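One structure is given below, encoded as structure tokens.
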Amino acid sequence: MDCKNKIPLEMMCDQRDKEERLAKMSPFEIKNTLIELAHKHTRKASCQFLNAGRGNPNWIATEPREAFFLLGEFALNECRRTMNNRDGIAGIPHPDGIVQRFNLFISHHRESPGAELLDKTLQYCTQELGMNPEDTIFEWAEAVIGDQYPMPDRILNCAEPLLRHYVANELCCGIAPRTPFDLFATEGGTAAMCYIFDSLQANLLLKKGDRIALMTPIFTPYIEIPALKRFSFDVIQIKAASKSKNGLHTWQYPDEEIDKLKDRSIKMLFTVNPSNPPSYAISQPTLEKIRRIVKIDNPNLMILTDDVYAPYVNGFRSLMAELPENTIGVYSFSKYFGATGWRLAVIALNQNNIYDKLIAGLSEPEKAELTKRYQTITLEPEKMPFIDRLVADSRLVALNHTAGLSTPQQMQMILMASSSLLDQRQAYRKQMQSMISSRLSTLWEATGFSIEDDPLRAGYYSEIDIMLWAERLYGKKFAKYLKDNYNPLDFLVRLAKQTCIVLLNGSGFDGPQWSIRVSLANLNREEYEKIGTAIAAILEEYTVLWKKS
């Protein structure tokens with residue numbers, strides 16, 4: 001559409017100009033504008049405001065929280081044993097006899113919610129993991145009270161063995177690599193990402209302007225951070241461009257895209273698996289192809305895999321399992337346990353990893369630079385593992401002595417992990433998967449579009465390619481009209497203005513330009529029927545305008 005010298009189209013041109021400027025922003029910032037538009041229409045009309053933009057769950061896991069609060073009651077009793085001032089002052093826990101007192105407490109609270117999980121978690125830690133019961137309960141009591149700095153600062157002694165089992169169970173099909181993962185507990189996956197980017201650059205593993213690869217579509221920070229001036233990475237996209245025999249997106253990666261990783265100038269690969277926003281796990285053949293390429297063509301390829309949506313795919317297998325030496329894993333508890341406000345995550349790095357080897361292979365001047373960076377916290381900086389450098393860098397090295405995730409957060413993470421490990425019937429997992437699947441089916445049925453069954457689909461989000469359905473339902477001429485006359489963001493603007501519904505643009509995740517992201521996590525099933533109906537109605541509205549034109 002030529003927007004010059006066409007007065008009847010002046011308002012339309014102005015709208016497109018605004019949308020084009022808006023489209024340059026992050027989708028999570030665009031969302032705020034869409035929310036404002038939707039709220040304005042809500043006040044004018046009778047439509048219900050529905051925000052399926054962000055992926056904040058509208059459920060919580062109750063059992064680990066019940067156990068957490070009950071443990072807090074026990075720990076407060078322990079504090080009052082050592083000092084009990086009427087003015088609200090108590091002492092701190094002491095380990096002597098704490099196991100007996102814990103067992104007595106559990107027996108008195110046998111019917112209380114959370115008691116069974118506490119009891120079974122202790123049994124699991126002592127019997128399955130060989131942990132000392134007195135040390136474990138004492139650390140739990142101090143952790144839930146939060147009276148001490150985290151020690152060790154990377155992760156608590158009572159947390160790491162159990163969380164290792166959980167990570168192996170969730171991300172490696174229950175089969176851990178021979179060499180264990182070291183874990184660093186962080187303030188959610190967000191902090192994990194920031195720490196990793198910082199440490200990779202601080203330790204000269206990634207330098208400004210280096211070439212990296214992104215498996216796209218991908219969570220927007222993995223797109224936006226490399227573009228920052230301090231990084232200015234040369235980004236190669238590995239696109240999920242595969243389609244089924246029916247011409248529908250499978251959100252998998254063609255061999256020719258994966259073959260790009262043979263280029264040794266690519267220093268690092270970043271992926272979210274299952275993907276965000278398509279929400280599909282990488283297929284096993286593709287995982288194996290990446291493994292072969294790394295082993296044969298690019299052995300020093302560093303990999304970061306963000307596997308937050310793993311629990312929604314049965315039999316999920318991470319790149320951490322395929323290439324443990326090359327891969328840094330990030331796993332957040334937020335999207336499965338309904339815990340975005342808790343900020344809970346771990347960074348996992350195998351004890352036998354290429355990061356330590358690459359640091360050891362740096363030039364002598366570079367090693368001297370890193371020795372100077374870390375010499376205030378260790379007598380042998382050159383031997384400092386990369387996982388410990390991550391911890392130090394998270395507090396700009398100088399504050400390493402106060403690093404670490406808060407102990408109550410780590411205690412809640414322990415109980416969330418144990419609740420999953422001890423759930424033999426997988427009741428919680430099945431319920432979560434069923435709820436998400438029901439919402440997804442309802443959404444797509446209401447649009448009138450079709451979606452194919454796929455065991456690799458997590459379904460936490462759904463990415464809908466509007467242009468694909470415009471062409472399939474109304475033909476190529478209509479699709480061309482849509483592309484020539486409207487900015488892709490126009491679809492979401494109309495959706496917000498006319499139906500009070502907020503979604504995100506898939507283009508902001510480096511997905512197809514006309515794709516939209518729907519979160520299946522934060523609304524009830526019947527509300528997704530309204531969203532699907534509204535999506536179909538907006539597409540139909542464009543056809544009316546097309547016929548008039």
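Remarks
- Rounded to the nearest 10 degrees, the inclination of helix 284-296 to the longest alpha-carbon principal axis of the chain is 70 degrees.
- Angle between the chain longest axis and helix 407-421 axis [Cα atoms, degrees, rounded to 10]: 80
- Net charge dipole size for the stretch 140-265 [Lys, Arg +1 and Asp, Glu -1 on Cβ; Debye, nearest 20]: 580
- A dipole drawn for the stretch 366-431 from +1 and -1 charges on Cβ atoms has a positive end, and of Ala392, Gln424, Gln410 the residue lying farthest that way is Gln424.
- Equivalent ellipsoid dimensions for the stretch 225-352 as semi-axes, Å, which come from the Cα gyration tensor, largest first: 23, 20, 16
- Shape of the chain, Cα gyration tensor, a/c cut at 1.5: prolate
- Here's the picture: charge each Lys and Arg Cβ at +1 and each Asp and Glu Cβ at -1 in the chain, and of Ala348, Ala281, Ala159 the one pushed furthest to the positive end of that dipole is Ala281.
- Dipole size of the stretch 190-339 about its Cα centre, with +1 on Lys/Arg Cβ and -1 on Asp/Glu Cβ: approximately 160 debye, rounded to the nearest 20.
- Ellipsoid equivalent to the stretch 425-508 - semi-axes via the Cα gyration tensor, in Å: 30, 16, 11
- Comparing Ile266, Gly315, Ile516 along the charge dipole axis of the chain, the residue lying farthest to the positive side is Ile516, per the Cβ-charge model.
- Area accessible to solvent at Asp388, 1.4 Å probe radius, in Å²: 50
- Compactness of the stretch 220-292, expressed as Rg and Dmax over alpha-carbon positions, Å: 13.5, 44
- Adding -39500 (n - 2.57) for every DSSP H run of four residues or longer, then dividing by how many residues the chain holds, sets the calculated 222 nm ellipticity at -14500 deg cm²/dmol.
- Here the peptides 137-150, 369-382 are ranked by packing, the mean other Cβ count within 10 Å, and the order with the highest first is 137-150, 369-382.
- Cut-off 14 Å between beta-carbons: net charge of the residues surrounding Leu468, Lys and Arg +1, Asp and Glu -1: +1
- Only Lys, Arg (+1) and Asp, Glu (-1) charged, at Cβ; the chain dipole about Cα centre in debye: 1740
- Working from Cα pairs under 8 Å separated by at least six residues, relative contact order for the chain is 23 percent.
- Angstrom value of the Kirkwood radius, inverse mean 1/r, which spans all Cα pairs in the stretch 29-180: 19.0
- ³J(HN,Hα), Karplus 6.51/-1.76/1.60, whole Hz, each residue of the stretch 83-99, x for Gly, Pro: 6, 9, 8, 5, 8, x, 10, 10, x, 10, x, 10, x, 4, x, 5, 5
- Degrees, to the nearest 10: 525-548 long Cα axis against longest axis of the chain: 30
- Shape call, the stretch 106-162: gyration tensor on alpha carbons, a/c limit 1.5: oblate
- Of the peptides 69-79, 259-269, 242-252, the order by per-residue mean of other Cβ atoms within 10 Å, starting with the highest, comes out as 69-79, 259-269, 242-252.
- Backbone HN-Hα couplings from phi across the stretch 460-474 [Karplus 6.51/-1.76/1.60, Hz, Gly and Pro as x]: 5, 10, 9, 9, 10, 8, 4, 5, 4, 6, 4, 6, 5, 8, 10
- Sorting the segments 124-131, 87-94 by their mean number of nearby beta carbons within 10 angstrom, highest to lowest, gives 124-131, 87-94.
The values are calculated or read from the model by the stated rules, or taken from the named source; none is laboratory data. Quick caveat, the model's predicted, so the values are computed rather than measured. Glycine gets a Cβ as well: all are built from the backbone with ideal geometry, and neighbour counts include every protein chain shown. The accessibility values were calculated without ligands, DNA or RNA, using every heavy atom of the protein model including side chains. Shrake-Rupley method; radii C 1.70, N 1.55, O 1.52, S 1.80 Å.
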